[in-house]
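What follows is a short report on a single structure.
The values are calculated or read from the model by the stated rules, or taken from the named source; none is laboratory data. A quick note: this is a predicted structure, and the numbers were derived from the prediction, not measured. All Cβ positions, even for glycine, are placed from backbone atoms using ideal geometry, and neighbour counts span all protein chains on display.
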Protein chains: 2
Amino acid sequence: MPHNKLPTVKEIAKRLNVSTSTVSRALHNHPSIGLVTTMRVHKVAQELGYEINKTAIFFKERKTYTIGVIIPDLAEPFFSSALTGIEDAAETSRYNVIIGQSLNSFEREKRIVANMKDHRVDGILVSITKETSTYEHFEQLHKFNIPVVFFDRVPNRQDINYVACNLVSGMLQAVAKLVAKGYRRIGLINGPAKLAATLQRLQIYLNCLRQNGLEIDQDIIVSTTLSKADNLTAMNRLLVLEQPPEAVITFNDHVLLDCMAAVTNAGLEVNKDISFVSFANLPVWEYMDKKPLASIEQFAYKQASTAAGFLFKLIDHSAQPDAPEMPPLQCIIDSEMVEYSQ
Amino acid sequence: MPHNKLPTVKEIAKRLNVSTSTVSRALHNHPSIGLVTTMRVHKVAQELGYEINKTAIFFKERKTYTIGVIIPDLAEPFFSSALTGIEDAAETSRYNVIIGQSLNSFEREKRIVANMKDHRVDGILVSITKETSTYEHFEQLHKFNIPVVFFDRVPNRQDINYVACNLVSGMLQAVAKLVAKGYRRIGLINGPAKLAATLQRLQIYLNCLRQNGLEIDQDIIVSTTLSKADNLTAMNRLLVLEQPPEAVITFNDHVLLDCMAAVTNAGLEVNKDISFVSFANLPVWEYMDKKPLASIEQFAYKQASTAAGFLFKLIDHSAQPDAPEMPPLQCIIDSEMVEYSQ
DNA sequence: AAAATTTACACATACGGTTGCGTAACCTCT
DNA sequence: AGAGGTTACGCAACCGTATGTGTAAATTTT
């Protein structure tokens, strides 16, 4: 507890022999306070270096003007970009952002939620953990009037506020582009089966191929555990086929980096002998020579700032005393193919 | 202002016809409250779903258990890693972290500081903007008893708390390694002159070469504006020399990526015809084939968590009423060469 | 049995600022 | 001059919790 006390309205009031209410109103230039008094108050406030203690207001208003953000891992460019989107949105709405990384641990996620509840954040934005399958820790927030908006990694339920991304739209564009370029044999290097994203990507892949009237060949659908060695193996499996794919969709950019190495090792050339499409998460492509033909942009910034907008709307709404329950705010943002200039 | 009121000690007190002080003490199992009363209080608290409102405590104790972190840009892996270090340190000390990106704008930095002051954070960790040259906005925090610890990008003054990184140590190791490998001609691709980091790197470079008894040749010291085209030009300038350098130290990893491309374009091979050393900031090397021989690790996580430790020490210290002014806490962490397995 | 001590609780205040309501003093109008 | 209105301010309560101090009643001590 800091010892040296800061000047308060009380202090100003004492010096001027007026009441604290007068000082408070004078500082806000309330019309019911005379001009002379108002000026004297301002003068003394200036002299004492008075600055308002907003924590007192926060406490009284039961509002902290702070939102919490829970994300799995800041090291992922997707999430750091998302956080920037949130911060920008928060700044214009005069909110602060407190942050917690769940590091994909359900237990950490719960601890962070509890902590944010203790700090009485006005709302929470969250991209859930891979492990998260129960939601009591979020539901409990309802009691404290703390709205929650999920983004990107959202629970599979309908009674929640969320902003998510539709991967299909971007992939359709990408496959269309590949088809337009004359590619008919498009392979897939997928992730490990236990990840939900893996099944999702497979469905999208099949979906897009069918919509483009392409034949589906199980030989050019392989998977990797995401280890470097396994990534190389997966790519090599495709390269040694009698009829290797002309283009390959990879699980993510990390996989793709290894796949490109495998292509080079095989004496082939990326974007000439074989082309790639990936799911965007590395901003590093800009600095590189060999790039995928296109990437599926998932708009971290946009998703997150949209989610933040939802959250502020919910906060404002619940501030009204006669607030009827609001229907869930939900938004699905289309992904888009981003072509890289080669 | 949320309307549906949460249960308070007052509510519990009313139900049991006791005073709030009794309830408060009972909830903390204070010995001066009888066992029966204590248990009844706990029971009612449980039934009502009472949870303590810490904002009241924060307000009363003039302590928010929140620290502010101001960094230039989360998109840089260095800073996202630093933030993780801070978060981990904060969690074990039961602190929350509120975050602000200055985006290298001095004005934003000032706004963020003012905002964090309003929220009465208990302390601030900051990596300053490239533009920052005045410090009133930080000095002003002293009045509010908000300690500040700078890290990585620290002001050039001695009366401040800071944690910084000594780039020389790592570079010495790297040059020593290059020398041990038989390289005698070591070039430098530096950044634009207006950046402080540029002069710093030049000095380190000259320093290390001298200490290893190597000749300094101005022909193999070039610079780039950091644009891709310019990076390529810089590298090419070295490659077309009669006696090109055998190894090159690059300003940073982004520059290096382009330099590697230039090498490949020239029909040469990275790590065979020419080797590189860079200043670490990209975690992506792990996923790539061509890597620098070594990188100068600047320990974002360690710097940041050390700085956080300093901050908590300062906060604890200023909490003591008879606290004499503390001498500045300062720490310089040695950088280290990190060798990449090729 | 009276005195001393302990037990178990209530009262009041503080943290810093805001705000509804009350009220003197002054001014205006008839 | 008295009624009515306006101006300029003070009073008091409030947000939720903690805690120093006071004090009956119960218990122990002498």
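Each row is one residue, and each column tells you yes or no for (1) within 11 Å of DNA strand C (Cβ to nearest atom); (2) farther than 22 Å from B:Ala56 by Cα; (3) in contact with a Pro (Cβ under 9 Å, 6 or more places away or on another chain).
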residue	(1), (2), (3)
A:Asn29	no, yes, no
A:Ile33	yes, yes, no
A:Lys43	no, yes, no
A:Lys54	yes, no, no
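For B:Thr38, are the conditions met, namely being under 30 Å from A:Phe78 (Cα atoms) and either away from chain A (no Cβ under 14 Å) or surrounded by 15 or more Cβ atoms within 10 Å (Cβ to Cβ) (or both)? So B:Thr38 fails the test. Of all residues in segment A:129-155, those that are within 13 Å of A:Val113 (Cβ to Cβ) and either part of a strand (DSSP E or B) or within 14 Å of the chain's Cα centre (by Cα) (or both) total 3. Which members of segment B:314-329 meet the condition of being surrounded by fewer than 16 Cβ atoms within 10 Å (Cβ to Cβ) and of a type outside the set (Asp, Glu)? B:His317, B:Gln320, B:Pro321, B:Ala323, B:Pro324, B:Met326, B:Pro327, B:Pro328 - these are the residues of segment B:314-329 that are surrounded by fewer than 16 Cβ atoms within 10 Å (Cβ to Cβ) and of a type outside the set (Asp, Glu). The combined condition, being away from chain B (no Cβ under 14 Å) and of a type in the set (S, T, N, Q), is fulfilled by A:Asn212. Please determine whether any residue of segment A:102-114 is in the same structural domain as A:Arg157 (by TED's automatic domain parsing), within 16 Å of DNA strand D (Cβ to nearest atom), under 21 Å from B:Ala90 (Cα atoms) and assigned to a helix (DSSP H, G or I). Yes: one or more hits. Within segment A:49-60, residues that are under 13 Å from A:Pro7 (Cα atoms) and facing another protein chain (nearest Cβ under 7 Å) reach partners that are more than 6 Å from DNA strand C (Cβ to nearest atom) and not in a loop (DSSP other than H, G, I, E, B) with beta carbons closer than 7 Å, at six or more positions or on different chains, in the pairs A:Gly49/B:Lys143. Would you tally the residues in segment A:315-342 being within 19 Å of A:Leu83 (Cα to Cα) and touching a Leu at 6+ places or on another chain (Cβ under 9 Å)? Summing the residues that are within 19 Å of A:Leu83 (Cα to Cα) and touching a Leu at 6+ places or on another chain (Cβ under 9 Å) in segment A:315-342 gives 1. Number of residues in segment A:83-104 that are among the aliphatic types (A, V, I, L, M) and under 16 Å from B:Ser81 (Cα atoms): the value is 3. One residue alone among B:Asp159, B:Asp152 is more than 11 Å from chain A (Cβ to nearest Cβ), of a type in the set (Asp, Glu) and more than 25 Å from A:Glu91 (Cβ to Cβ), and that residue is B:Asp159.
Check segment B:298-315 and report whether any residue there is at pLDDT below 95 and under 28 Å from B:Arg184 (Cα atoms). Yes, some residue in segment B:298-315 is at pLDDT below 95 and under 28 Å from B:Arg184 (Cα atoms).
The selection criterion, being away from chain A (no Cβ under 14 Å), at negative phi and out of contact with any Gly (no Cβ under 7 Å at 6 or more places or on another chain), holds for B:Ala294. Might you let me know whether segment A:168-182 holds any residue that is within 20 Å of the chain's Cα centre (by Cα), surrounded by fewer than 23 Cβ atoms within 10 Å (Cβ to Cβ) and more than 30 Å from B:Ser93 (Cβ to Cβ)? Yes: segment A:168-182 contains one or more residues that are within 20 Å of the chain's Cα centre (by Cα), surrounded by fewer than 23 Cβ atoms within 10 Å (Cβ to Cβ) and more than 30 Å from B:Ser93 (Cβ to Cβ). When restricted to residues that are within 18 Å of B:Ala308 (Cα to Cα) and among the hydrophobic types (A, V, I, L, M, F, W, C), segment B:144-200 contains 10. Summed over segment A:61-115, residues that are farther than 21 Å from A:Ala300 by Cβ and more than 9 Å from every other protein chain (Cβ to nearest Cβ) total 6.
Among the candidates B:Glu246, B:Glu269, B:Glu242, the residue that is among the acidic types (Asp, Glu) and in contact (Cβ under 8 Å) with a residue 12 or more places away in the chain is uniquely B:Glu246. Pairs linking a residue in segment A:23-34 that is away from every other protein chain (no Cβ under 14 Å) to a residue that is near DNA strand C (Cβ under 6 Å from one of its atoms), with Cβ atoms under 7 Å and 6 or more positions apart or on different chains, are A:Val23/A:Val9; A:Ser24/A:Val9; A:Ser32/A:Arg25; A:Ile33/A:Arg25.
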